[in-house]
Amino acid sequence: MSASGGTRAIIAALLANTGIAIAKFVGFLITGSSSMLAESAHSVADAGNQGLLLVGGKRARRRATEDHPFGYGRDRYFYAFVVALVLFTLGSLFSLYEGIHKLEAHEELTRPIVAVVILGVAIVLECFSLRTAVVESNHVRGDASWVQFIRRAKAPELPVVLLEDIGALVGLLFAMAGVSLAWVTGDPVWDAYGTIMIGVLLGIIAVILIFETKSLLIGEGALPETVDRITAALVGPGVDRVIHLRTQYLGPDELLVAAKIAIPRTTVMDRVATAIDDAERRVRQAVPEARLIYLEPDLERPGNGRRLESAEFEPTS
């Protein structure tokens, strides 16, 4: 993912959500609409989340230390995980609580036209934010579908902003429907239903983000097609084949590659070193994010690859 592209999407969402949050809260104070209050909390959570993503991106650029020899790239995953938790607690749970409370209270709306106008403006601003996220995502998702992009992306910022913007836009439509029906029918229960729907929607999106970012946080390997490119690049002069290979993302832009490679029996030591250097260079040319490469040379022996592969995954007591 282009770092500048992700930053542009985050900043666009941050500016839009900050303005929308202020407008929604003013609308709530005027109308008393629970949907407006739920949407205010939603926008505040989203704006805070974009701030967290910017902080995570900055902290991930710190240099490696003795305590963290592989650097801080996973800070971006950690802050994305925090974003999912904030969206669930501040967005979903608060909306559900407010909606259930309004069902019991049956408070009438005042000047609902104000809420409708504010929600209409918010929809326009959210469309602008979503368009920016879609444009930036299209630069990096290639031929992948949107579901594949969200599930397989190693950089968390664009998928997070995309899901937040989609949730915000659909939530605004729920709020608009709830306020409009409450206005037309004179029954405030529709406003409460709209609020509950917003809470359910945010809960679903938050759970998706929690599972996806958790997977990145604990460590994901390269995609199968990337592994194939690495394997093909390793084989060359002085390297007969790859016995086994392990990969793991230390951050969105940094892939760790560890492999045991088979070399010819007749290779002398200085040529082993040259073969390893050449193999590393080929891998970095094929997969630029493979910045850390550790290769272990071994002699070609019948069955050594199969035995080592199975042994690595045997449970230990």
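The values are calculated or read from the model by the stated rules, or taken from the named source; none is laboratory data. Everything quoted here is computed from the prediction, not taken from an experiment. Every residue, glycine among them, receives a Cβ derived from its backbone with ideal geometry; neighbour counts consider all protein chains shown.
A few notes on this one:
- Residue count for the range 17-27 satisfying the condition of being over 26 Å from the mean Cα position of the chain (by Cα) and touching a residue at least 40 places away in the same chain (Cβ under 8 Å): 4.
- For the range 101-113, the criterion of being touching a residue at least 40 places away in the same chain (Cβ under 8 Å), of a type in the set (Asp, Glu) and not in a helix (DSSP H, G or I) is met by at least one residue.
- Considering the range 130-228, the qualifying helices (runs of 4 or more DSSP H), each wholly inside and each with 3 or more residues that are closer than 30 Å to Lys58 by Cβ, of a type in the set (A, V, I, L, M, F, W, C) and in contact (Cβ under 8 Å) with a residue 24 or more places away in the chain, run over 157-185, 189-218.
- Of all residues in the range 128-144 being within 25 Å of Gly19 (Cβ to Cβ) and small (Gly, Ala, Ser), the one that is surrounded by the fewest Cβ atoms within 10 Å (Cβ to Cβ): Ser137
- Meets criteria (within 24 Å of Leu14 (Cβ to Cβ) and assigned to a loop (DSSP other than H, G, I, E, B)) for Gly73: yes
- For Phe149, the requirement of being in the same structural domain as Arg61 (by TED's automatic domain parsing), in contact with a Pro (Cβ under 9 Å, 6 or more places away or on another chain) and surrounded by fewer than 22 Cβ atoms within 10 Å (Cβ to Cβ) is met.
- For the range 239-265, filtered to residues that are surrounded by 16 or more Cβ atoms within 10 Å (Cβ to Cβ) and out of contact with any strand residue (DSSP E or B) (no Cβ under 6 Å at 6 or more places or on another chain), the residue that is farthest from Ala286 (Cα to Cα) is Gly251.
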